[in-house]
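The values are calculated or read from the model by the stated rules, or taken from the named source; none is laboratory data. Predicted model only: the values in this text are computed from it and were never measured. Positions of Cβ are backbone-derived with ideal geometry, glycine not excepted, and every protein chain shown enters the neighbour counts.
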Amino acid sequence: HRHELSEQLNTIEDQFNELKIRIAGQNVKQQKHELMKQIDEWEYESIEKIRQVANEVRRELSLSVTKVVTDLDFKLNRLTEQIVKFRKDEDIAETDIQVFNEELQRLKTNLKNPLNFKIKRDSTSFINKIHLGIKGKSYVLVELTRIKRVYLEAS
């Protein structure tokens, strides 16, 4: 009878060892698990959304800077034409000089600090969080500290 019990124990021990090997294999398989693929896809899509928003805001900033520089150039040309006209007509007063100086200083200031823009963060999240559901319970898999849409705001 002891021999039979010893054989049964050997069989159980073999099954334990097989289970250990299968559990170790699960750690390797986990990386290839379908849910891991879904998490990777969610991560990629979220990063892509962030890139798109960043590119939109960069494009908007670039257009705004171009507009400001064009506007400054236009104003400078207009003032230059007025100076040429005053010089040609020889009809200039101290008040005109003062106005030209004020406009020149204003243009210089606008050139140094061309934009009254700042980055404004939207308080609404535009990337959905994902959760891992286990037997009716929902565990947060990834808790983002609110990834927010970024806007360029004129001040």
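Quick look at the values:
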quantity: Residue match in segment 52-73 (condition: of a type outside the set (Lys, Arg) and over 31 Å from the mean Cα position of the chain (by Cα)); calculated: yes
quantity: Residue match in segment 65-74 (condition: part of a helix (DSSP H, G or I) and under 30 Å from Ile127 (Cα atoms)); calculated: yes
quantity: Any chance Leu104 is closer than 20 Å to Thr66 by Cβ, surrounded by 11 or more Cβ atoms within 10 Å (Cβ to Cβ), touching a helix residue (DSSP H, G or I) at 6+ places or on another chain (Cβ under 8 Å) and without any contact (Cβ under 8 Å) to a residue 60 or more places away in the chain; calculated: no
quantity: Residue list for segment 107-118, filter: exposed (fewer than 14 other Cβ atoms within 10 Å of the Cβ) and in contact with a strand residue (DSSP E or B) (Cβ under 8 Å, 6 or more places away or on another chain); calculated: Asn116, Lys118
quantity: Qualifying positions in segment 92-132 - more than 28 Å from the chain's Cα centre (by Cα) and either among the basic types (Lys, Arg) or at pLDDT below 75 (or both); calculated: Arg106, Lys108
quantity: Some residue of segment 15-28 being touching a Leu at 6+ places or on another chain (Cβ under 7 Å) and surrounded by 10 or more Cβ atoms within 10 Å (Cβ to Cβ); calculated: no
quantity: Every residue from segment 43-65 that is of a type in the set (Gly, Ala, Ser) and touching a residue at least 12 places away in the same chain (Cβ under 8 Å); calculated: Ser46, Ala54, Ser64
